[in-house]
Amino acid sequence: MKKIIYSLLMMIAVSALVSCSSSDKANINTDDPEKAYFTAKSNYDKGDYLEAIDDFNLIKLKFSGSNIIDKSIYFLGMSYYKREEYILAIYEFETLVKNYPSSEYSEDARYSMAMGYYKLSPAYNLDQTYSRYAITEFQNFLDLYPNSKHARSADSKIAELQNKLAYKTFKSAELYFNLENYKAALVYYNNILEDYFDSKYADDALYGKIQVLIIKKMYEEAKKEIKRFEDIFTSSEFLSRVKSLKARIPA
């Protein structure tokens, strides 16, 4: 966590230095904030994101109290986002939603902030901090804007990320199971069943848990879990195997 915060602060500091050093070459040569915004937005619309970043950063410095500051911050964030500089983009989006919550751009900024974390989410076998941040931000977005045009996408992204976290946990459970460290495997199977029961790995986890319980001769608990499996996962590919395990339990 400290490394992430440090990296974010360093990137913001570098960005600020670049912005200051490049302000002389920015296209803003006016004291009219609307004209300044028009120039910056024109560069953004043309896909000149580096130019747009210079311009919008200068607007933040020069017109901080104007009525174009919220949309300038939003498109500054989007300029970073388009360049796949997601940490810097997230910083700008967070600035917008915290300082200008009533802005017409707050909804899109909050969704884009969640998307920034989603884009930073790595392969399942790596640290999943950004995945968890993304889930949190998508959920915050849905809580605030349940009828948003982005609501379906946010729901889908949450499910995708939860499946990734569940899969990471399942692979750990599988590893310990294969090493015959059944106590540790049981911990990971239970973690999936408690935290990611809506994921597509819930039946895998419950099947694995049943196997462990039988190996450890915890037959009464195994019977309860078998019944749960049969009641819930009626179409699972593991159902026939669970029934076979059930037949092996001593009467």
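Bear in mind these aren't lab numbers, they're just calculated from the coordinates by the rules spelled out. Owing to the predicted nature of the structure, the values given are computational and were not obtained by experimental measurement. Using ideal geometry, Cβ is built from the backbone for each residue, glycine included, and neighbour counts are taken over all protein chains shown.
Looking at this structure, is GLY116 under 17 Å from TYR37 (Cα atoms), crowded, with 22+ Cβ neighbours inside 10 Å and among the small types (Gly, Ala, Ser)?
Details: under 17 Å from TYR37 (Cα atoms): no; crowded, with 22+ Cβ neighbours inside 10 Å: yes; among the small types (Gly, Ala, Ser): yes.
No; evaluated as a whole, the condition is false for this residue.
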Does LYS209 satisfy the condition of being buried (at least 17 other Cβ atoms within 10 Å of the Cβ) and under 23 Å from the mean Cα position of the chain (by Cα)? no
Which numbered condition trips up ILE87, out of (1) farther than 16 Å from ALA114 by Cβ; (2) surrounded by fewer than 23 Cβ atoms within 10 Å (Cβ to Cβ); (3) among the aliphatic types (A, V, I, L, M)? (1)
Hey, can you tell me all the residues within region 60-84 that are surrounded by fewer than 19 Cβ atoms within 10 Å (Cβ to Cβ), under 21 Å from the mean Cα position of the chain (by Cα) and not basic (Lys, Arg)? GLU84
For LEU96, the lone unmet condition from (1) surrounded by fewer than 20 Cβ atoms within 10 Å (Cβ to Cβ); (2) of a type in the set (A, V, I, L, M, F, W, C); (3) in contact with a Gly (Cβ under 9 Å, 6 or more places away or on another chain) is (1)
Among the numbered criteria (1) closer than 25 Å to ARG248 by Cα; (2) touching a residue at least 24 places away in the same chain (Cβ under 8 Å), which single criterion is violated by ALA166? (1)
Of all residues being more than 24 Å from the chain's Cα centre (by Cα) and assigned to a helix (DSSP H, G or I) in region 177-202, which is surrounded by the most Cβ atoms within 10 Å (Cβ to Cβ)? Just the residue, please. ALA185
Look at region 219-251 and say how many of its residues are surrounded by 14 or more Cβ atoms within 10 Å (Cβ to Cβ) and assigned to a loop (DSSP other than H, G, I, E, B). 4
